[in-house]
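The values are calculated or read from the model by the stated rules, or taken from the named source; none is laboratory data. The shown structure was predicted, so the numbers you read here are calculated from the model rather than taken from an experiment. Don't worry about glycine lacking a Cβ; one is built from the backbone with ideal geometry, like all the others, and counts go over all protein chains shown. Surface accessibility is based on the protein's heavy atoms, side chains included, excluding ligands, DNA and RNA. Shrake-Rupley method; radii C 1.70, N 1.55, O 1.52, S 1.80 Å.
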Amino acid sequence: MGTNKCQKGDPLWSARLLYTNPQAIKDAHYRFLLSGADVITTATYQASVSGFMNHLDVSCDRAKELMMSGVHLAKETDFKVWHRPQIECIAAAGADFVAFETIPSLKEAKALVDLLREFPDVKAWLSFSCKAVIGSDQLVAVGVNCCPPALLQPLLDSAASLGTDPCWVVYPNSGEDWDSEHGWRTSKTASSSIPKLSHTWRKQGAALIGGCCRVGPDEIAELRRELKGSSTTAE
């Protein structure tokens, strides 16, 4: 945070953000947690009650609040704190399942599984944007989403080598490439590979097969036709 968010020579250093942009601090904490950090520090380097009073022209009470806010922001960035209100709303609305998808780290996945215990009537599936395996009685499936279709077979092979036997859910993206200048590079062979590869995924244990980004109703219809008569659900 001190590297990216501070003005050179600022006497408050990154602590100024407690006053000017607390959301930036939470965003930074969150990025570090996603990167695997086990400990995040408060943005109170160079912070002091007198410093806030002198350089922000605030009262003593307000300066003390700012000091404490550094701790509050760090605690609020906890994965469970962030996800809890969303799950509360979805559960209250009566969803059949909660899809925790595109999860980028095992740390966040473990936090979600722990959080599920607060909602004993909620069932969920968990899909990663990286390879990792985690289990819970409340998870109806574990798998991968939003990766190119060609990556699924080696990922499922790798997961099988771990000796676990969960119900797998896989829903890759279309496999198209994003070009920052020209947008999506469309390819007929990209999304069409999903129906062709679906049989391999089913043999590897995938019980839920579908599509993520750039996979629309037409592609799902084709996938359904390919798997018609099987016990696999395509959505």
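Net charge within 15 Å of ASP121 by Cβ-Cβ distance, Lys/Arg positive one each and Asp/Glu negative one each, not counting ASP121 itself?
Numbers: positive: ARG117, LYS123; negative: GLU88, ASP96, GLU118, ASP137.
It works out to a net charge of -2.
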Accessible-area order for THR20, THR42, THR186, largest to smallest, probe 1.4 angstrom, reads THR186, THR20, THR42
Expressed per residue, the solvent accessible area of the range 74-134 in Å² (1.4 Å probe) is about 54
Just going by the charge dipole of the chain, with Lys and Arg at +1 and Asp and Glu at -1 on Cβ, which of ALA207, SER193, GLN23 is farthest out on the positive end?
SER193
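Quick one: ranking CYS147, CYS89 by accessible area, 1.4 Å probe, largest first, what do you get? Don't skip to the answer; put the middle values down first.
Working: CYS147 10, CYS89 95 Å².
Largest accessible area first, the list is CYS89, CYS147.
Between ASP114 and GLN23, take the C-beta separation as r, use R0 = 30 Å, and let me know the FRET efficiency to the nearest 0.05. Don't jump to the answer; show the numbers that get you there.
Details: r = 25 Å, r/R0 = 0.85.
It comes out at approximately 0.75.
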At what distance in nm do the modelled label points of CYS167 and LYS80 sit from each other, each positioned 7 Å from its Cα along Cα→Cβ?
2.6
Cα-Cα over 22 Å, subset of LYS123/LYS228; LYS75/LYS123; LYS26/LYS80; LYS107/LYS196; LYS26/LYS107:
LYS123/LYS228; LYS75/LYS123; LYS107/LYS196
Rule-of-thumb Rg ratio for the range 1-107 [Cα; 2.2 N^0.38 Å; N residues]
1.31
Could you tell me how many degrees, from 0 to 90 and to the nearest 10, lie between the Cα long axis of helix 106-116 and the main elongation axis, the longest principal axis, of the Cα atoms of the chain?
90
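Computed from the mean reciprocal separation of all distinct C-alpha pairs, what Kirkwood hydrodynamic radius does the range 58-118 have, in Å?
Values: mean 1/r = 0.0724 Å⁻¹.
Kirkwood hydrodynamic radius for the range 58-118: 13.8 Å.
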Across bins of 5 angstrom width beginning at 0, how are the C-alpha pair distances of the chain distributed, in whole percent?
1, 6, 12, 13, 13, 12, 11, 9, 7, 6, 4, 3, 2, 1, 0
Expressed as a whole-number percentage, the relative contact order of the chain with C-alpha contacts under 8 angstrom and at least six residues apart is 12
The chain: antiparallel bridges as % of DSSP beta bridges, rounded to 5, reads 15
Residue-level accessible surface for GLU101, protein heavy atoms, 1.4 Å, Å²:
90
